[in-house]
């Protein structure tokens, strides 16, 4: 079904240096502008963020420093982009939380007060999540074709979860899955170890994910000013950081993990024990 439009709508997507709206920068912007008569204008442009792109970010979107070093910065493109988006409603996927706020930040830094208040903002992800809810009740109805009676009762929820798992084994038997790196597999199989690996989003060292493994199976900090650094390096160069974590409101399990890592590092001769 074609969109009924009273004025143009611009679907946009940004590739950036990171996910912090206030501080990260655009490295590529793509806009599909749909006119009320159905005409489409498509513009895609790479942007020099005037700062290094973190390697882990480049590995996701495939844009490296070398690819944008000769491109114009956002300020050089701002006026033409503002004109292209004039009188347009805006749409995207997760755009209300990320793309549009970051785009507005870039415009403001370029000296352009990008008008958002008079536009309609359509976030396709939010529609998806509201219509295809990810609650236990919705999952039970989708996979088991049954209504969950006594939802939020611990026993009913637990039994429903078990039944959903069994239904998933039937539904996804032999179904291919392509991960972010393009690897294709058939991961939903009747094997608990395989299911555990597939259902894991982050490779946490502690339970909450303050400490995670990197691609080399090394423990790294996953929050704050040292995010991305090896735990052993942080504790070696800034011993007070360990003490700060132990005194802070971190889960006891996290404190157990970092103590174990400190002891392991000390046994290798990398630092003083305490």
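The values are calculated or read from the model by the stated rules, or taken from the named source; none is laboratory data. Keep in mind that what you see is a predicted model, and the values were worked out from it rather than measured. Backbone-built Cβ (ideal geometry, glycine too); neighbour counts: all protein chains shown.
Laid out as a table, the results:
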| quantity | calculated |
| --- | --- |
| Meets criteria (touching a helix residue (DSSP H, G or I) at 6+ places or on another chain (Cβ under 9 Å), outside the structural domain of residue 20 (by TED's automatic domain parsing) and either closer than 29 Å to residue 60 by Cβ or without any contact (Cβ under 8 Å) to a residue 60 or more places away in the chain (or both)) for residue 240 | no |
| Filter result for the condition that a residue is exposed (fewer than 10 other Cβ atoms within 10 Å of the Cβ), under 21 Å from the mean Cα position of the chain (by Cα) and not assigned by TED's automatic domain parsing to the domain that holds residue 62, over 182, 248 | 182 |
| From 33, 4, 86, residue being closer than 18 Å to residue 122 by Cα and not assigned by TED's automatic domain parsing to the domain that holds residue 121 | 4 |
| Listing of helices (runs of 4 or more DSSP H) fully contained in the range 187-274 that carry 2 or more residues being at pLDDT below 90 and over 30 Å from residue 164 (Cα atoms) | 252-267 |
| Test: residue in the range 144-151 that is in a helix (DSSP H, G or I) and not assigned by TED's automatic domain parsing to the domain that holds residue 59 | yes |
| Hits in the range 52-69 (condition: surrounded by fewer than 18 Cβ atoms within 10 Å (Cβ to Cβ) and in contact with a helix residue (DSSP H, G or I) (Cβ under 9 Å, 6 or more places away or on another chain)) | 52, 64, 65, 67 |
| Looking only at the range 104-128, and only at residues there that are under 21 Å from residue 26 (Cα atoms) and surrounded by fewer than 12 Cβ atoms within 10 Å (Cβ to Cβ), the one that is modelled with the highest pLDDT | 111 |
| Test: residue in the range 218-226 that is surrounded by 12 or more Cβ atoms within 10 Å (Cβ to Cβ) and more than 29 Å from residue 18 (Cα to Cα) | no |
| For residue 215: the one exception among (1) within 16 Å of residue 54 (Cβ to Cβ); (2) touching a strand residue (DSSP E or B) at 6+ places or on another chain (Cβ under 9 Å); (3) free of Cβ contacts under 8 Å to residues at least 24 places away in the same chain | (2) |
| Residues satisfying the stated conditions in the range 106-133, i.e. assigned to a strand (DSSP E or B) and in contact (Cβ under 8 Å) with a residue 40 or more places away in the chain | 122 |
| Single residue of the range 75-99 satisfying the filter (in a helix (DSSP H, G or I) and in contact with a strand residue (DSSP E or B) (Cβ under 6 Å, 6 or more places away or on another chain)) that is nearest to residue 50 (Cα to Cα) | 99 |
| Selection status of residue 193, in the same structural domain as residue 170 (by TED's automatic domain parsing) and out of contact with any strand residue (DSSP E or B) (no Cβ under 8 Å at 6 or more places or on another chain) | yes |
| Unmet requirement for residue 169, which otherwise passes all of (1) exposed (fewer than 11 other Cβ atoms within 10 Å of the Cβ); (2) assigned by TED's automatic domain parsing to the domain that holds residue 144; (3) under 28 Å from the mean Cα position of the chain (by Cα) | (1) |
| Residue 5 vs. criteria more than 18 Å from residue 93 (Cα to Cα) and touching a strand residue (DSSP E or B) at 6+ places or on another chain (Cβ under 7 Å) | yes |
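Residue-by-condition table, conditions (1) in contact (Cβ under 8 Å) with a residue 24 or more places away in the chain; (2) part of a strand (DSSP E or B); (3) under 17 Å from residue 119 (Cβ atoms):
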site	(1), (2), (3)
3	yes, no, yes
6	yes, no, yes
18	yes, no, no
21	yes, no, no
27	yes, yes, no
31	yes, yes, yes
36	yes, no, yes
43	yes, yes, no
